[in-house]
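**Student:** I'd like to ask you about the structure that follows.
The values are calculated or read from the model by the stated rules, or taken from the named source; none is laboratory data. From a predicted model like this one, the values you see are computed outputs, not experimental measurements. Cβ placement follows ideal geometry from the backbone for every residue including glycine, while neighbour counts extend to all protein chains displayed.
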Amino acid sequence: MTDPDLAAQEPANIDEALDCMRSTLTRFHATGDKRAIFLRLYFIMTLEVHAAIHGLGDYEGKQVFLDAAWIKALSGKFATLYFKGLDTFVREPDDHVERAWKTAHTAARSSRSTVVQNALLGINAHINYDLPRAIAANLDPTELDDYPTLQLRKFDHDQVNNLLVRTLGPIQDVLARDYAPAIALVDNLLGNLDERMSDIGLKYYRERVWWDALTYASARKHDTEGIVRDKLNWESHKVAEFLRTKRELWIPERVLGLPYAIFGNRGWSRITLEPVGGVKVPDGTTVNPLV
């Protein structure tokens, strides 16, 4: 599949989204495309939400969401925006449009970008730019005037946050094992990767995303969503520029991981993707209150 083919994927729900992610990861791995780094992370997180929706693995017999169908549909819309972003240089050639994704994809093309940097650039673009628009698209316009229903939606949004926290440790292990063993060596120097990812994507930003989503959805009713989209574009770009320009953050990982950076992605085609069922943690380990 070419980039335009990948960008044209429009999964309707979480099951279709996972199918699209698997096929796209297979393509990225076969060509050593560093866009696989963020997508693998996103794939594992989506598997966790899928497990909670369908009662798989540690979620067997548990109801996590008040409206699982709403989260299932939201996951499809969210993934659709990710795939659309793969075509940003062709579809939106203006450098001032979808700037966070342009920065992320430019870094993925660079031999100097690191695994952690690619992961965080993808998280920033997808959460701070894509997620508010996905949530807005998944809200029925009548729900904006229905405070009790919005509270139910917000609860399920927060439940996803709790699920994602559970994946951070396993994701760090996967990135270190499959893409950059140096991550394990420099973890103490960089600060724990799971903490860094949590800070940028899960604690502050996903909370702010909810309110941006409501604003975006309300603005759509008055044909002024472009103003909100410009705000999201600008704010996500600021974070992306910080991650791009603060080169000192990536020096330890870049130096220790240089041999693997040169030769490692040649073996990505041998990577085995995770099955459905969510992450597994050792017995007795408490990682969140949902399981």
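**Student:** If you go through region 8-23 one residue at a time, how many are more than 16 Å from the chain's Cα centre (by Cα) and closer than 12 Å to TYR82 by Cα?
**Tutor:** The total comes to 3.
**Student:** Check ALA108, ALA137 and return the single one that is under 17 Å from the mean Cα position of the chain (by Cα), in contact (Cβ under 8 Å) with a residue 12 or more places away in the chain and in a helix (DSSP H, G or I). Write out each step before concluding.
**Tutor:** Values: ALA137 fails: under 17 Å from the mean Cα position of the chain (by Cα).
Going through ALA108, ALA137 in turn, the sole match is ALA108.
**Student:** Scan region 101-117 and give yes if some residue there is of a type in the set (D, E, K, R), modelled with pLDDT of 90 or more and either loosely packed, with under 14 Cβ neighbours inside 10 Å or under 20 Å from ARG208 (Cα atoms) (or both), otherwise no. Break it down into steps so the answer makes sense when it comes.
**Tutor:** Applying the first criterion (of a type in the set (D, E, K, R)) to region 101-117 yields 102, 109, 112.
Going one step further and asking which of them are modelled with pLDDT of 90 or more, we end up with 102, 109.
The next check asks that each one be either loosely packed, with under 14 Cβ neighbours inside 10 Å or under 20 Å from ARG208 (Cα atoms) (or both); those that pass are 109.
Checked against the condition, which is being of a type in the set (D, E, K, R), modelled with pLDDT of 90 or more and either loosely packed, with under 14 Cβ neighbours inside 10 Å or under 20 Å from ARG208 (Cα atoms) (or both), region 101-117 yields at least one hit.
**Student:** Now for a separate question. So which residues in region 59-72 are part of a helix (DSSP H, G or I) and either at pLDDT below 95 or in contact with a helix residue (DSSP H, G or I) (Cβ under 6 Å, 6 or more places away or on another chain) (or both)?
**Tutor:** Filtering region 59-72 for residues part of a helix (DSSP H, G or I) gives 59, 68-72.
Scanning region 59-72 gives TYR59, ALA68, ILE71, LYS72.
**Student:** So, one more: Filtering region 24-40 down to residues that are under 17 Å from the mean Cα position of the chain (by Cα) and not charged (D, E, K, R), which residue is farthest from ALA51 (Cα to Cα)?
**Tutor:** PHE28
**Student:** Restricting to region 28-38, name every residue that is out of contact with any His (no Cβ under 6 Å at 6 or more places or on another chain), part of a helix (DSSP H, G or I) and buried (at least 18 other Cβ atoms within 10 Å of the Cβ).
**Tutor:** PHE28, HIS29, ARG35, ILE37, PHE38
**Student:** Which residue pairs have Cβ atoms closer than 6 Å, lie 6 or more positions apart in sequence or on different chains, and pair a first residue in region 23-40 that is free of Cβ contacts under 8 Å to residues at least 40 places away in the same chain with a second residue that is assigned to a loop (DSSP other than H, G, I, E, B)?
**Tutor:** ARG27/MET1
**Student:** Please verify whether ARG166 is among the basic types (Lys, Arg), more than 23 Å from GLU274 (Cα to Cα) and either buried (at least 23 other Cβ atoms within 10 Å of the Cβ) or touching a residue at least 60 places away in the same chain (Cβ under 8 Å) (or both), treating the condition exactly as stated. Can you show your working first?
**Tutor:** Working: among the basic types (Lys, Arg): yes; more than 23 Å from GLU274 (Cα to Cα): no; either buried (at least 23 other Cβ atoms within 10 Å of the Cβ) or touching a residue at least 60 places away in the same chain (Cβ under 8 Å) (or both): yes.
The answer is no for ARG166.
**Student:** Looking at region 178-188 only, could you name the residues that are modelled with pLDDT of 85 or more and either under 27 Å from ASP67 (Cβ atoms) or part of a helix (DSSP H, G or I) (or both)?
**Tutor:** ASP178
**Student:** State yes or no: is ASN233 modelled with pLDDT of 60 or more, in contact with a Gly (Cβ under 6 Å, 6 or more places away or on another chain) and surrounded by 17 or more Cβ atoms within 10 Å (Cβ to Cβ)? Please lay out each step first, then the result.
**Tutor:** Details: modelled with pLDDT of 60 or more: yes; in contact with a Gly (Cβ under 6 Å, 6 or more places away or on another chain): no; surrounded by 17 or more Cβ atoms within 10 Å (Cβ to Cβ): yes.
No; evaluated as a whole, the condition is false for this residue.
**Student:** Still on this model: Does ILE44 satisfy the condition of being in a helix (DSSP H, G or I), within 11 Å of GLY278 (Cβ to Cβ) and among the hydrophobic types (A, V, I, L, M, F, W, C)?
**Tutor:** yes
**Student:** Restricting the first residue to region 143-157 and requiring it to be of a type in the set (A, V, I, L, M), which pairs with a second residue that is surrounded by fewer than 16 Cβ atoms within 10 Å (Cβ to Cβ) meet a Cβ separation below 6 Å and a spacing of at least six or different chains?
**Tutor:** Listed pairs, sorted by first residue: LEU152/LEU66.
**Student:** Could you say which residue among ASN162, ASN128 is in a helix (DSSP H, G or I) and touching a Pro at 6+ places or on another chain (Cβ under 9 Å)?
**Tutor:** One residue alone meets the criteria, ASN162.
**Student:** Which number in (1) within 29 Å of TYR59 (Cβ to Cβ); (2) modelled with pLDDT of 85 or more; (3) surrounded by 18 or more Cβ atoms within 10 Å (Cβ to Cβ); (4) not aromatic (Phe, Trp, Tyr) marks the one condition that ILE200 misses?
**Tutor:** Of everything listed in (1) within 29 Å of TYR59 (Cβ to Cβ); (2) modelled with pLDDT of 85 or more; (3) surrounded by 18 or more Cβ atoms within 10 Å (Cβ to Cβ); (4) not aromatic (Phe, Trp, Tyr), ILE200 misses just condition (2).
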